[in-house]
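Here is the structure we will look at.
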Amino acid sequence: MKLWNFLRQNVKLVLKDGSIISGFVQEYCNKDDNDEEIDSIGLDVDGTLYEYFEDEILSISVA
């Protein structure tokens, strides 16, 4: 999954647990720079920043 393609865009995430989350991709963290060694995005959801890891995401699309 090329999470960096969604940087600075409004997106809809579908997580593997079935959750659907919409927000603004504020940041992207490469697996080489991440302690968990997995790519992740920082998603601004109503003013709160959440981190989602690539292995949690089933699909991502521009909202």
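The values are calculated or read from the model by the stated rules, or taken from the named source; none is laboratory data. For clarity, every value in this text was computed on a predicted model and none was experimentally measured. Glycine gets a Cβ as well: all are built from the backbone with ideal geometry, and neighbour counts include every protein chain shown.
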Pair list, Cβ under 8 Å, 6 or more apart: the stretch 33-59 residue touching a residue at least 24 places away in the same chain (Cβ under 8 Å) and on the phi > 0 side of the Ramachandran plot, other residue among the hydrophobic types (A, V, I, L, M, F, W, C) and surrounded by 12 or more Cβ atoms within 10 Å (Cβ to Cβ) = none
What is the number of the single condition among (1) touching an Asp or Glu at 6+ places or on another chain (Cβ under 6 Å); (2) modelled with pLDDT under 95; (3) of a type outside the set (Phe, Trp, Tyr) that Leu3 does not meet?
-> (2)
All strands (runs of 3 or more DSSP E) inside the stretch 1-61 with 1 or more residues being surrounded by 15 or more Cβ atoms within 10 Å (Cβ to Cβ) and touching a Lys or Arg at 6+ places or on another chain (Cβ under 7 Å) | 20-29
